Structure formats: structure tokens, C-alpha cells
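Structure, as C-alpha cells:
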Amino acid sequence: MRFSISQVLLCLVIGCAVVPQSAMHQQKYFPEGLSEVYLGMTYEFMNKTREATQLEPVEWSADSTLLAYQEVHSDKAFDRVIYFFDAEGDQLLFEMAVEYPDGINPEEVAAKLYGGPNADEGEWYFEDEEYGDRLSMWINGQQLVISNRSIRTSE
């Protein structure tokens, strides 16, 4: 069987665009405008999918077991997203902090996405046995924090 160049190129494009099913499933928990990202993706993969100037290192804490990078947005409802990666192993994205400007209440955004809190201390918790995700969300000031606790438990 022979393949044309266009068929081979199409297969390469489709193959490169494959995203894990759990990533597609997670999107329903993310605010509008936060796409092409999923909890569990590697830093290397994320860096390849973003323009080199988009991800900026952030001094976050003295915790040497995590890497923090931010992506600043001027065209979305949120100002920036801080991505937290495990510094060891595959450097998996385990948490995101979506920061809103003063005019937007992140609690209202969360209520629209998730309904009322369903866990202790005003948090939201969703577990998906099919994909192994244990997602937790909470408000921290002007940030909506989204964490996959099946990757790493946040401090």
C-alpha cells in the first residue's frame, strides 16, 4: 500500500495533536479561555505548545520540589495563570492558579462552574474513577486554584 505525501503529513499532524482523554474530560472544570492545558501534562510538552515568551518563571516559595511559571493574559476574563509543576521526575503540572482582576469575583466564577462548594472549608472536590483524576478547587484571594491531587497533594 502506498501513501501520498499529503496523507503522511495528515497522519503526522493528527498524531501530534492527540491529547489524552483525561485532558479532554478536565476541560469542563476549567474557566472559559483556559484551554490547551491539562493537569498531568509535562512542563516540556507545555513549553513546546506555548510561544517561548509566554511562560515566565515565578519566584513562589523556598520549596525546591516545585516549579512555578506564569502566563499573562490581556485578552481573557483573567489576568494570568500560574502553573505549578513537580520539579522531580516528569515535571507534571499538578496545579493552576487562575488570577482575576479586581472587577471579577472568582467565587462567582467557581459557583457558575461547580455550583456550591461540596467539600470542607468552601472547597470543591470532584473524583473521576475512569480517568483517575482527583480534582480540588478553592479560592485564594483573587485566584481560583485548580489542583489534581492524584498527581501531588498541595501544601
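The values are calculated or read from the model by the stated rules, or taken from the named source; none is laboratory data. Computed from a predicted model, the values in this text were never measured in an experiment. Cβ atoms come from the backbone with ideal geometry, glycine included; neighbour counts cover every protein chain shown. Surface areas here come from the heavy atoms of the whole protein model, side chains and all, with no ligands, DNA or RNA. Shrake-Rupley method; radii C 1.70, N 1.55, O 1.52, S 1.80 Å.
Here are the numbers for this structure:
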read-out	value
Approximate spin-label separation F126-A87, in nm, with each point projected 7 Å along Cα-to-Cβ	3.1 nm
Around V81: net Lys/Arg minus Asp/Glu count, Cβ-Cβ under 12 Å	-3
With eigenvalues of the C-alpha gyration tensor scaled by 5 and rooted, region 65-143, Å	22, 20, 10
Accessible carbon and sulfur surface of region 64-140 relative to its total accessible area, %, 1.4 Å	40 percent
Dimensions (Å) - region 50-90, Cα atoms, principal axes, largest first	32, 20, 13
Cα-based Rg of region 87-131 normalised by 2.2 N^0.38 Å, two decimals	1.51
Summed residue charge, Cβ within 12 Å of P101's Cβ, Lys/Arg positive, Asp/Glu negative	-1
